[in-house]
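Data block below; observations after.
Values quoted throughout were computed directly from the atomic coordinates according to the rules given, and no laboratory measurement underlies them. This is a predicted model, so every value here is computed, not measured. When we count neighbours, we look across all protein chains shown, and the Cβ atoms used for this are built from the backbone with ideal geometry, even at glycine.
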Amino acid sequence: MSIRSRTTFGCAVFFLFAAAAHSAQAAPDFQMPFPCNQVWTGSTWSGHNPLYAVDLNRPDDLGDIVVASAGGTVTTSAYSTTSGYGNYIIIDHGGGWQTLYAHLQSRAVSRGASVSKGQRIGTVGNTSATANIGVHLHYEQRYSGSVRKIVWNGSAIPYYAKRSYTSRNCSGGGGAASGTVRTSGINLNVRSGPSTNNSIVGSLANGAAVTIYCQVRGQSITGTYGTSTLWNRIGSGRYIPDAYTYTGSDGRVAPDC
């Protein structure tokens with residue numbers, strides 16, 4: 001091979017590697033897979049499988065909302081009987097990038113669906129066909145099939161560590177949900193805060209439709225749907241207990257207040 005040929009070949013190889021590196025850096029602006037301003041603990045460790053995945057927890061997180069880290073197309077929404085993922089979702093974001101959300105209690109999107117950043121896709125659970133696990137969200141970012149170190153809001157998370165993170169996934173549709181008041185027939189008091197110690201600011205008839213703008217933990221209430229500390233904010237300074245609200249879910253259906 002001549003010197004000129006070797007030089008040309010070397011340049012071609014350099015540009016191929018440069019192009020590949022540029023493509024790998026062109027990731028979407030990934031955000032945390034939870035609604036805006038929620039705080040979650042992320043755990044990474046050397047024996048995790050896959051290595052660069054993160055497990056996410058917070059108190060009373062069973063049924064909490066999981067949202068898309070970025071816009072894309074759902075390529076998988078299924079229950080795995082072999083991988084240990086249980087209920088899991090994979091979203092393709094284009095350019096070789098994907099995110100995976102596993103151990104979900106429920107899945108709110110189907111294969112082929114287009115989703116936007118911050119859109120609700122499921123709820124936190126502990127499903128797995130191969131292991132008895134605690135409640136958490138197993139989360140991965142992938143490039144060309146390879147699991148990469150996780151970046152949220154432009155910042156890489158530390159490995160291997162346990163850290164608290166605040167979601168900046170603030171532009172999507174993981175927000176308001178619909179509900180229906182369900183009592184034994186009597187009216188339900190609307191409170192100024194998430195407790196019966198707060199003042200009554202109105203009442204709602206059995207069967208009344210409500211919009212749930214956000215949810216907060218408060219006084220434990222036993223009602224039509226069991227016992228729960230969740231309260232639903234249905235307007236400014238207006239709260240009703242989730243235990244008396246039909247939402248189609250046993251867990252959270254709206255972001256934290």
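Cut-off 10 angstrom, C-alpha nodes, Gaussian network model of the chain. Which of 83, 220, 178 fluctuates the most?
Between 83, 220, 178, it is 83 that shows the largest mean-square fluctuation.
Give, as a single signed number, the net charge of other residues whose beta carbon lies under 15 Å from the beta carbon of residue 121, with Lys and Arg counted +1 and Asp and Glu -1. Intermediate values should be presented prior to the final figure.
Numbers: positive: 107, 111, 117, 120, 252; negative: 64, 92, 140.
Residues near residue 121 contribute +2 overall.
Select one label from (1) 20.9; (2) 17.2; (3) 25.9: the one whose number is mean projected area of the Cα convex hull in nm² as derived from the coordinates shown.
Recomputing mean projected area of the Cα convex hull in nm² here picks out (2).
Just want the ordering: 117, 149, from fewest to most Cβ atoms lying within 10 Å of their own Cβ. Mind dumping the intermediate values first?
Details: 117 21, 149 13.
With the fewest neighbours first, 117, 149 line up as 149, 117.
Simple spin-label model, 7 Å along Cα-to-Cβ: residue 148 to residue 132 in nm?
3.9
What is the range 39-166 by shape, rounded, prolate or oblate, if you read a ≥ b ≥ c off the alpha carbon gyration tensor as root eigenvalues and call it rounded for a/c under 1.5, prolate for a/b larger than b/c, and oblate otherwise?
Details: a/c = 1.30, a/b = 1.08, b/c = 1.21.
Note, shape of the range 39-166 comes out rounded.
In debye to the nearest 20, how big a dipole does the range 136-257 give about its Cα centre with +1 on each Lys and Arg Cβ and -1 on each Asp and Glu Cβ?
Details: 12 positive and 4 negative charges, 87 e Å.
It works out to roughly 420 debye.
What FRET efficiency would be calculated for the residue pair residue 203, residue 79, taking the C-beta separation as r and a Förster radius of 41 Å, to the nearest 0.05? Mind showing how you got there, number by number?
Numbers: r = 42 Å, r/R0 = 1.02.
E between residue 203 and residue 79, to the nearest 0.05, is 0.45.
Around residue 60, what is the net charge, scoring Lys/Arg as +1 and Asp/Glu as -1 over all other residues with Cβ under 14 Å from its Cβ?
Values: positive: 58, 217, 252; negative: 61, 64, 242, 250, 256.
Its environment carries a net charge of -2.
Of the chymotrypsin sites (Phe, Trp or Tyr not before Pro) in the range 105-211, which ones lie in a loop per DSSP and count no more than 12 other C-beta atoms within 10 Å? Can you show the working numbers first?
Working: sites: 139, 143, 152, 159, 160, 165; in loops: 159, 160.
Sparse-neighbourhood loop chymotrypsin sites (Phe, Trp or Tyr not before Pro): 160.
Could you tally the net charge around residue 219, taking each other residue with its Cβ under 12 Å from the Cβ of residue 219, Lys/Arg +1 and Asp/Glu -1?
Values: positive: 191, 217; negative: 242.
Spelling it out: positives minus negatives among the neighbours equals +1.
If I build a Gaussian network model for the chain, linking alpha-carbon pairs within less than 10 angstrom, which residue out of 35, 50, 59 has the largest mean-square fluctuation?
Largest GNM mean-square fluctuation: 59.
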